[in-house]
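Have a look at the structure below before the remarks.
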């Protein structure tokens, strides 16, 4: 499954086969799949803030130390949900 334009990672369905006794379709979204880490919390914070954020902002909001907040932001950047503005310029939500 590939990321959609709206920033979702998971967008699909589970199809139940009739030969197993149950036929149907179960939709899947980001909220249905457990997160592999807290980077999604960091990405959500950046998106909801709607402005430039810094490592300390993320650390304070998530209750973690700055080093861990930096790691979360790096993972959010790799996911395509957050954009790094450069050294000491902060992060914003990806368009």
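The values are calculated or read from the model by the stated rules, or taken from the named source; none is laboratory data. Please read these numbers as outputs of a predicted model, since none were measured by experiment. Quick reminder, even Gly has a Cβ in these numbers, built from the backbone with ideal geometry, and neighbours come from all protein chains shown.
Residue count for the range 66-87, restricted to those that are in contact (Cβ under 8 Å) with a residue 24 or more places away in the chain, outside any helix (DSSP H, G or I) and closer than 30 Å to residue 13 by Cα: 3. Taking the range 54-65 on its own, how many of its residues are over 17 Å from residue 86 (Cα atoms) and assigned to a helix (DSSP H, G or I)? Final tally of qualifying residues: 4. Restricting attention to the range 13-46, the residues being modelled with pLDDT of 70 or more, more than 12 Å from the chain's Cα centre (by Cα) and not in a loop (DSSP other than H, G, I, E, B) number 11.
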